[in-house]
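Below is one structure, written out as structure tokens, with a few remarks after it.
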């Protein structure tokens, strides 16, 4: 499977490079198309495990490709122009670019159409706030293929492909943990500011687009060399080669997204839609692995929906909190488990390392400042019952563990005073058989949590338990841990 996928990716790159010298669709645009498709290809292949089905989705197999006369293309562009402040000109450059997408990059349009359901609604809201034409949403299509993770060889990144300095100029924070150029909402807001500024400079949307690509300095030079002409098409011969193809790419993207059905293109089904997402801002720094463990969702899904973070860590904000974006129902769970989230983060990454108890549920740790122990929460226990068990109060347990409510979860380790011995002693659910050691699965256990409990990676624990379906553990099942 992996070998097949690798071969398919190599073939796809070769196919993409074959069009890299096109005079209209320049190498930068082909690079964007290929990156976007390869990301989709890899994601889908990893989800389905079926290379052939992915190839079919990307239109690698033969299918009908409709073709039309130039007059039909021009008529359709005229109809788009009637409702747009842009000049979506029909000329040789534009027609050649439209035909390139319609014939040779059909898979790209299919994928972009699917991802548009995640971003276009948000784009339109932001553009409307700034009083800008909604057609500017197509700019992100040619900049990034609607992939916030896309990075150019020159260092531009995000949906709107901001360079480092330009991003900083429009308030996009960049540090060791965060790159707001890859935050869809913040980068879109910055792009609106920049595009509005460029339009105010030229009073022509096509020249504003050219300046977005090449920079105002290059556009101003081209205007002077053209004899101070006022339109993009008059200035175009004096622009950098890449920028000469930029506006035709934009017009072609606008055309294809409006007329994809006429070209027998079926959009890829969106993995998730904009209205299905929600955001929760965090009061403390949290690793994505902690969110993954708590909600039992894949780390990859969290990463994909939160491209702003360079590492798998969401830091504590200094001025305002950083946020995590997830599907609505998952955000609902996370809000209700916020205290548990921070407690689990503390347990996983900040708790002093202690040995696993061998005969009781309590581990005692001595420090120079105090003596305390840890109690692992079992099914059916409440903060009140645990407080009673250790002859303490709920408020004291909350203070020791930094809890603002009484919500706890199975498997959570709570700090208790070591002098407060439990009123009852229970044996652990770890058994020994010769040199082997086994763990008995409890309610709420996952393979990842068991691995973390015994200081192993999931792959290490999997090697000890060949043949076990790690996604379908059952209460009472024996898992080898040594």
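A few notes on this one:
- Only residues that are under 19 Å from the mean Cα position of the chain (by Cα) and not in a helix (DSSP H, G or I) were counted in the stretch 128-146, giving 2.
- Inside the stretch 75-94, residues that are buried (at least 18 other Cβ atoms within 10 Å of the Cβ), free of Cβ contacts under 8 Å to residues at least 60 places away in the same chain and under 34 Å from the mean Cα position of the chain (by Cα) make up a count of 0.
- Restricted to the stretch 95-125, and to residues there that are out of contact with any helix residue (DSSP H, G or I) (no Cβ under 8 Å at 6 or more places or on another chain) and surrounded by fewer than 16 Cβ atoms within 10 Å (Cβ to Cβ), the residue that is farthest from residue 204 (Cα to Cα) is 103.
- Here 309, 322 are screened, and the one residue that is crowded, with 16+ Cβ neighbours inside 10 Å, under 14 Å from the mean Cα position of the chain (by Cα), over 29 Å from residue 256 (Cα atoms) and not assigned by TED's automatic domain parsing to the domain that holds residue 181 is 309.
- Qualifying positions in the stretch 315-327 - at pLDDT 90 or above and more than 17 Å from residue 185 (Cα to Cα): 315, 316
- Count of the stretch 240-274 residues which are part of a helix (DSSP H, G or I) and out of contact with any helix residue (DSSP H, G or I) (no Cβ under 7 Å at 6 or more places or on another chain): 3
- Screening residue 311 with (1) touching a helix residue (DSSP H, G or I) at 6+ places or on another chain (Cβ under 6 Å); (2) farther than 26 Å from residue 414 by Cβ gives one miss only, at (1).
- Every residue from the stretch 372-396 that is outside any loop (DSSP other than H, G, I, E, B) and in contact with a strand residue (DSSP E or B) (Cβ under 7 Å, 6 or more places away or on another chain): 372, 373, 374, 375, 376, 386
- Screening residue 311 against (1) without any contact (Cβ under 8 Å) to a residue 60 or more places away in the chain; (2) outside any helix (DSSP H, G or I) leaves a single unmet condition, (1).
- Condition met for residue 283 (out of contact with any strand residue (DSSP E or B) (no Cβ under 8 Å at 6 or more places or on another chain) and in the same structural domain as residue 330 (by TED's automatic domain parsing)): yes
- Sole exception among (1) modelled with pLDDT under 80; (2) surrounded by 11 or more Cβ atoms within 10 Å (Cβ to Cβ); (3) in contact with a strand residue (DSSP E or B) (Cβ under 7 Å, 6 or more places away or on another chain) for residue 481, by number: (1)
- Matching option when the condition is at pLDDT below 95 and within 17 Å of residue 271 (Cα to Cα), among 147, 153: 147
- The residue that is modelled with the lowest pLDDT, among those in the stretch 333-369 that are exposed (fewer than 11 other Cβ atoms within 10 Å of the Cβ) and closer than 23 Å to residue 392 by Cα, is 359.
- Of the criteria (1) within 22 Å of residue 112 (Cβ to Cβ); (2) at pLDDT 95 or above; (3) under 28 Å from the mean Cα position of the chain (by Cα), which one residue 248 fails: (3)
- Taking the listed residues 83, 122, the one that is farther than 28 Å from residue 231 by Cβ and assigned by TED's automatic domain parsing to the domain that holds residue 192 is 122, with no other qualifying.
- Residue in the stretch 242-250 that is farther than 20 Å from residue 100 by Cα and surrounded by fewer than 17 Cβ atoms within 10 Å (Cβ to Cβ) present: no
Conditions (1) buried (at least 23 other Cβ atoms within 10 Å of the Cβ); (2) without any contact (Cβ under 8 Å) to a residue 12 or more places away in the chain; (3) in contact with a strand residue (DSSP E or B) (Cβ under 6 Å, 6 or more places away or on another chain); (4) assigned by TED's automatic domain parsing to the domain that holds residue 312, marked per residue:
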residue: 154; (1), (2), (3), (4): no, yes, no, no
residue: 161; (1), (2), (3), (4): yes, no, no, no
residue: 171; (1), (2), (3), (4): no, no, no, no
residue: 175; (1), (2), (3), (4): no, yes, no, no
residue: 216; (1), (2), (3), (4): no, no, no, no
residue: 229; (1), (2), (3), (4): no, yes, no, no
residue: 257; (1), (2), (3), (4): no, no, no, no
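The values are calculated or read from the model by the stated rules, or taken from the named source; none is laboratory data. Since we're looking at a predicted model, the values are computed, not measured. Cβ: placed from backbone, ideal geometry, glycine included. Neighbour counts: every protein chain shown.
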